[in-house]
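Okay, structure first, notes after.
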Amino acid sequence: QVQLVESGGGLVQPGGSLRLSCTTSRSIFSIYVMGWYRQAPGKQREMVATITTGGGTNYVDSVKGRFTIFRDSANNTVCLQMNSLKPEDTAVYYCNAARWSQNYWGQGTQVTVSS
């Protein structure tokens, strides 16, 4: 059974920072594209950032220059460093592992940006 264990969500003021982490097994981490998605109330889930096994990254335009996705290979963990947070970043954030037709999801972690 594939598990993606997320941590790091919470409440932060506008302009603040948070780091999300997602830990999985070595067998998944080493061959799957890892990513973070988010879903705000009343909206569709959207891709936030992805990272390939080779370190190639992709970001949604709205977070470019503010968010950074990276792999911690020693701990089979993918992280999303979120800086300069805005109220519109408020959502449930989901970790994802994808390879061909296979897709696995974490349970989600709430990020709320509010003063």
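Descriptive notes on the structure:
- Those residues of segment 23-38 which are polar (S, T, N, Q) and touching a residue at least 60 places away in the same chain (Cβ under 8 Å), in sequence order: Thr24
- Scanning segment 82-115 for residues that are assigned to a strand (DSSP E or B) and among the basic types (Lys, Arg) yields a count of 1.
- Which listed residue is under 12 Å from the mean Cα position of the chain (by Cα) and small (Gly, Ala, Ser), from Gly56, Gly65, Gly106: Gly106
- The residues on offer are Leu20, Leu11, and the sole one that is in contact with an Asp or Glu (Cβ under 8 Å, 6 or more places away or on another chain), part of a strand (DSSP E or B) and either in contact (Cβ under 8 Å) with a residue 60 or more places away in the chain or aromatic (Phe, Trp, Tyr) (or both) is Leu20.
- Residues satisfying the stated conditions in segment 51-71, i.e. outside any loop (DSSP other than H, G, I, E, B), surrounded by 14 or more Cβ atoms within 10 Å (Cβ to Cβ) and either in contact with a helix residue (DSSP H, G or I) (Cβ under 9 Å, 6 or more places away or on another chain) or touching a residue at least 40 places away in the same chain (Cβ under 8 Å) (or both): Val63, Phe67, Arg71
- Within segment 78-91, the residues that satisfy the criterion of being open to solvent by 30 Å² or more (accessible area, probe 1.4 Å) and without any contact (Cβ under 8 Å) to a residue 60 or more places away in the chain are Glu88, Thr90.
- Residue check, Trp100 open to solvent by less than 20 Å² (accessible area, probe 1.4 Å) and of a type in the set (Phe, Trp, Tyr): no
- Residues of segment 23-44 classified as outside any loop (DSSP other than H, G, I, E, B), out of contact with any Phe, Trp or Tyr (no Cβ under 9 Å at 6 or more places or on another chain) and open to solvent by 20 Å² or more (accessible area, probe 1.4 Å), total: 3
The values are calculated or read from the model by the stated rules, or taken from the named source; none is laboratory data. A quick note: this is a predicted structure, and the numbers were derived from the prediction, not measured. Virtual Cβ from ideal backbone geometry, glycine too; neighbours counted across all protein chains shown. We work out accessible area using only protein heavy atoms, side chains counted, and drop any ligands, DNA or RNA first. Shrake-Rupley method; radii C 1.70, N 1.55, O 1.52, S 1.80 Å.
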